[in-house]
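S.K.: First the structure, which I've put down as structure tokens, then a few questions once you've had a look.
What follows draws every value from the coordinates through simple rules; no lab data is involved. Since the model is a prediction, treat every value here as computed from it, not as a measurement. Reconstructed Cβ throughout: ideal geometry from the backbone, glycine too, with neighbour counts over all protein chains shown.
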Amino acid sequence: MDTKYIFVTGGVVSSLGKGIASSSIGALLRGRSYLVTAIKIDPYINVDAGTMRPYEHGEVFVTDDGAETDLDIGTYERFLNIDLGRRNNLTTGQVYQAVIEKERRGDYLSQTVQVIPHVTDEIKNRILEVGRDAHAELVIVEVGGTVGDIESLPFLEAIRQMRFEIGYQNTLYLHVTLLPYLGTSGEYKSKPTQHSVATLRGVGIQPDGLILRSQSPIPEETRRKIALFTNVAAEDVFTSYDAEHVYAVPEMLEQQGMGRFIERRLNLERVTPELRVWQQAVQILRNPDHRVSIAIVGKYIAMPDAYLSLLEALKHAGIANRARVDIEWVNAEDLSKGRLEELAAFNGILVPGGFGVRGIEGKVGAAQFARENGIPYLGICLGLQVAVIEFARHVAGLDGANSSEFDPYTPHPVIDLMPEQLEVSAMGGTMRLGSWPMEIFPGTELSTIYDLDPGQQHIVQERHRHRYEVNPLYVETLKKNGLVISGVTPGMEGRGEGLVEAIELPKHPFFIGLQSHPEFKSRLMRPSPPFKGFIEAAVTASERLAGKSAEARA
Ligand code: GLN
């Protein structure tokens, strides 16, 4: 079969949930056993998302091959249950960088290099290459931004041309828009959608189908009106209304006939999809057996998207434990102002990854509070580093211990820059990134969590994004004082046993720190082991608390 392309554009406003819509369509196709891949086009000039502020753009997602991508790549991986890489996130920066390099090399000798055809050819080739290399039957291509933006024009032009090159039966254009509801007049307003489709037509693309983001299912009459004004058949106008859980969106679209529509338009066989995993997840979220409350101690607490994969991993872990996970965002800076006691109310404390000194003492305090009070603790990347700092200061007696990232003059740099980083000055794509092996030592809590056979050597792969590491010069001292190193990346120069990947505290219900970010690999179908173990410990903690308060009442 020819590779077929589904192009998803967006209109009216940003943050419409285009990524969720694209991913949900991917889930419907994967549920039909197709080989699917996905591309996110980001029309900004940055080469990748690695140098952008999570506070504005949400988290930087990391792939196995070490790309720092837009968070939608993570959503695709989770919904499609596939691994993606660097080339699945295409930006203006990459396209122009490649075109300019080719021009300097002389590849376009004697020609005037222009947006059409040189830039658009580069875009098309990159899209086609991704489909070809993945041996995909279907490729979902989401164009970021909003139709009408100046910077997205070359991409829209490229996808317009693709229909002529690979055929009508191999291309499908879907447009996602906002359908606002005006409470005062009690109606849905279709005008923004009409304008948005008109703008899209202005660049030569007539959408085959529409997905309207709305508050609730929309009246038939509204659907017909929109169809009439946009030249889209009424049955090809879908709504993605506010859902209680995002995992309900694939099913929501399927019930409206989205799968059938794609099959019809792209000449695919009619198949009944397997969507059980999504249905079960929604069921558990609606009727959980347990409830746990987790404190996330971080910096970007007003922007949950800055921790999207982390939140998803917690949700997956919750579902695996039939538990609802209630998240409380705790500002690390508040904790350093003597508010640590508030953490006693939680069934688990999580310190996520992060950069920069702001809030560090609050995070160190949170790790100490978790250690001393037997509260389950999961430290991710920076969360491992602060746990080591805390342990060094208060258990190993290394006064003033710190990371050289936060205090270059600390007497005890228990966390220090990796030697490979000493020469690095450029910021983009220069950290220790992507998938690295972790050898897990037998007999540790971590080996139980990863469900490894006792007595065997075990290597797992997790994704990384950091410049600092546990200083190998302090490992012996930390161990002597009771810190367990449960995982290392073996075979790295000058690191003793290896680069410290994981630590834990024996005689604590659950205290684990990881240098990696296991949240990036977590899926509904394959919850991340450390997250699953953490939530399991939190369930036990919550039951103990409930037992205690019942006793007190009796
Ligand atoms: N800032 C720390 C480092 O670079 C931690 C990074 C992280 O948490 N992702 O090592």
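S.K.: Under a point-charge model restricted to the Cβ atoms of Lys and Arg (+1) and Asp and Glu (-1), what is the dipole moment magnitude of region 41-90 relative to its Cα centre, in debye to the nearest 20? Write down the numbers at each step before the final one.
M.R.: Numbers: 4 positive and 11 negative charges, 12 e Å.
For this selection, approximately 60 debye.
S.K.: If eta is 1.567 mPa s and T is 4 °C, what Stokes-Einstein diffusion coefficient results for the chain, Kirkwood Rh from Cα pairs, in µm²/s?
M.R.: 51 µm²/s
S.K.: Which is farthest toward the positive dipole end of the chain among Leu29, Phe531, Pro117, measuring Cα position about the Cα centre, with Cβ charges +1 (Lys, Arg) and -1 (Asp, Glu)?
M.R.: Checked the options; the winner is Leu29.
S.K.: Just how many % of Cα pairs in region 292-359 lie over 13 Å apart, if you round to the nearest whole percent?
M.R.: Details: 1472 of 2278 pairs.
Here the tail beyond 13 Å accounts for 65 percent of pairs.
S.K.: Which lysines, if any, have their Cα less than 23 Å from the Cα of Lys225, not counting same-chain residues under 8 positions apart?
M.R.: Lys18, Lys189, Lys191
S.K.: Towards the positive end of the charge dipole of the chain, with charges on Cβ (+1 Lys, Arg; -1 Asp, Glu), say which of Ile380, Gln215, Asn287 has the farthest Cα.
M.R.: Of the candidates, Gln215 comes out farthest on the positive side.
S.K.: What list of ³J(HN,Hα) couplings, whole Hz, do you get for region 173-179 from phi and the Karplus terms 6.51, -1.76, 1.60, once you set θ to phi - 60° and write x for glycine and proline?
M.R.: 10, 10, 10, 9, 9, 9, 10
S.K.: Sticking with this structure for a sec: I want to check the label-to-label distance for Glu56 and Asn287. Put each point 7 Å from Cα in the C-beta direction and report it in nm to one decimal.
M.R.: Roughly 4.7 nm, to one decimal.
S.K.: Further, regarding this structure: Per DSSP H run of at least 4 residues, take -39500 (n - 2.57); add these up for the chain, divide by its residues and hand me the 222 nm value, nearest 500 deg cm²/dmol.
M.R.: It lands at -11000 deg cm²/dmol.
S.K.: Please find the FRET efficiency linking Phe229 to Ala554, where r is the Cβ-Cβ separation and R0 is fixed at 41 Å, and quote it to the nearest 0.05.
M.R.: 0.05
S.K.: Shifting gears a bit: Can you tally the net charge around Met418? Count Lys and Arg as +1, Asp and Glu as -1, for every other residue whose Cβ sits under 14 Å from the Cβ of Met418.
M.R.: Values: positive: Arg432, Arg465, Arg467, Arg495; negative: Glu405, Asp416, Glu420, Glu423, Glu469, Glu493, Glu501.
Overall, the nearby charge balance is -3.
S.K.: Counting only DSSP beta bridges with both residues in the chain, what percent are antiparallel, rounded to the nearest 5?
M.R.: 35 percent
S.K.: Here's a follow-up. Please report how many Lys pairs in region 398-554 have alpha carbons closer than 24 angstrom, counting only residues at least 8 apart along the chain or sitting on separate chains.
M.R.: Taking the Cα cut-off of 24 Å, the pair count is 5.
S.K.: Right, something else. Whole number please: convex hull volume per residue of the Cα set in region 410-449, in Å³? Spell out each step's value before the answer.
M.R.: Values: hull volume 5.8 nm³, N = 40.
Cα-based convex hull of region 410-449, divided per residue, equals 144 Å³.
S.K.: Subtract the Cα-Cα distance of Phe164 and Thr430 from 0.36 nm times their separation in residues, and report this length gain in nm to one decimal. Can you show the working numbers first?
M.R.: Details: separation 266, 0.36 × 266 = 95.76 nm, distance 4.01 nm.
Result: 91.8 nm gained on full extension.
S.K.: Mind jotting down the distance between the C-alpha centroids of region 1-76 and region 510-534, whole Å?
M.R.: Result: 22 Å between the Cα centres.
S.K.: While we're looking at this one, here's another question. What full-extension length gain, to one decimal in nm, is calculated for Glu103 and Asp2 as 0.36 nm per residue of separation minus the Cα-Cα distance?
M.R.: Gain in length upon complete extension: 33.2 nm.
S.K.: Sum up the charges of everything whose Cβ sits under 14 Å from the Cβ of Pro180, counting Lys and Arg as +1 and Asp and Glu as -1, but leave Pro180 out.
M.R.: Here the count lands on +1.
S.K.: Turning to a different aspect of this structure: So what's the gap between the Cα centers of region 95-124 and region 251-301, to the nearest angstrom?
M.R.: After rounding, the separation between the Cα centres reads 41 Å.
S.K.: Can you give me the Cα centroid spacing of region 165-192 and region 430-454 in angstrom?
M.R.: 46 Å
S.K.: Exactly which trypsin sites (Lys or Arg not before Pro) in region 258-308 are in a DSSP loop and have at most 10 other Cβ atoms within 10 Å?
M.R.: Details: sites: Arg260, Arg264, Arg265, Arg270, Arg276, Arg286, Arg291, Lys299; in loops: Arg270, Lys299.
Those satisfying the criteria are Arg270.
S.K.: In region 408-455, which GluC sites (Glu not before Pro) fall in coil by DSSP and have 10 or fewer other Cβ atoms within 10 Å?
M.R.: Glu423
S.K.: Now, a different point. Rounded if a/c is under 1.5, else prolate if a/b is larger than b/c, else oblate: which is region 354-502, with a ≥ b ≥ c the root eigenvalues of its Cα gyration tensor?
M.R.: Here region 354-502 falls in the oblate category.
S.K.: About its Cα centre, how strong a charge dipole does the chain have in debye, to the nearest 20, once Lys and Arg get +1 and Asp and Glu get -1 at the Cβ?
M.R.: Approximately 1220 debye in magnitude.
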